[in-house]
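Shown next, in structure tokens, is the structure this report addresses.
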Amino acid sequence: MPEITGSVHHINVSVSDLERSRDWYQGLFGLQELARVSDQAGAWSKVILRHPSGLLFGLTMHVMNDSKPFSEWLCGFDHVALTVESSEAVRLWSARLKELGIDASEIKTTPLGSLITFRDPDSIQFELFAPH
């Protein structure tokens, strides 16, 4: 069987407002805009952002998007967990989210590590996770 490396190349999420989401993701994660693309038929537009680590974030606005908030209760995507260095980094992220006015969970401890969860402007859930 071919192997995967275990690292993530990019994350792409569908959003209801491209500019609002771009500003939110850039402000939170310190991302740099790399490109804007769209299909020739005008069915979607995308902004590609890069984190200093190299991780890419694609934000795609589809014309057919009904702008309903995301729900992990439906089949499909549930959340993305981004790894951070330590439990201390989770604490620092918690403070940063609070500073930016982004609602987040309390810091939780699991058998695998500590984490916080929060949602983007379209209610897509993210997790910042520090493995033990």
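Quick notes
- Selected residue (criterion: modelled with the highest pLDDT) from residues of segment 1-54 that are of a type in the set (D, E) and over 24 Å from Q125 (Cβ atoms): D39
- Scan of segment 85-132 for residues that are at pLDDT below 95 and hydrophobic (A, V, I, L, M, F, W, C), ordered by number: I124
- Under the condition of being out of contact with any Asp or Glu (no Cβ under 9 Å at 6 or more places or on another chain), farther than 18 Å from V8 by Cβ and surrounded by 14 or more Cβ atoms within 10 Å (Cβ to Cβ), the residues counted in segment 66-87 number 1.
- Within segment 1-29, being surrounded by 11 or more Cβ atoms within 10 Å (Cβ to Cβ) and part of a loop (DSSP other than H, G, I, E, B) holds for V8, V15, S16, D17.
- The single residue among W24, W73 that is under 27 Å from A130 (Cα atoms) and free of Cβ contacts under 8 Å to residues at least 60 places away in the same chain turns out to be W73.
- Any hit, segment 29-38, residues being in contact (Cβ under 8 Å) with a residue 40 or more places away in the chain and not acidic (D, E): no
- In segment 30-60, residue surrounded by the fewest Cβ atoms within 10 Å (Cβ to Cβ) [restricted to those that are among the aliphatic types (A, V, I, L, M) and assigned to a loop (DSSP other than H, G, I, E, B)]: A41
- Positions within segment 76-104 being without any contact (Cβ under 8 Å) to a residue 60 or more places away in the chain and in a strand (DSSP E or B), in sequence order: A81, L82, T83, A104
- Annotation note: of V47, V13, V8, the sole residue that is touching a helix residue (DSSP H, G or I) at 6+ places or on another chain (Cβ under 9 Å) and touching a residue at least 40 places away in the same chain (Cβ under 8 Å) is V13.
- Pair list, Cβ under 8 Å, 6 or more apart: segment 51-65 residue closer than 13 Å to V37 by Cα, other residue aliphatic (A, V, I, L, M) and part of a loop (DSSP other than H, G, I, E, B): L59/V15; T60/V15; M61/V15; H62/A43
The values are calculated or read from the model by the stated rules, or taken from the named source; none is laboratory data. Note that this is a predicted model, so its numbers are computed, not measured. With ideal geometry, Cβ positions are generated from the backbone for all residues, glycine too; neighbour counts draw on all protein chains shown.
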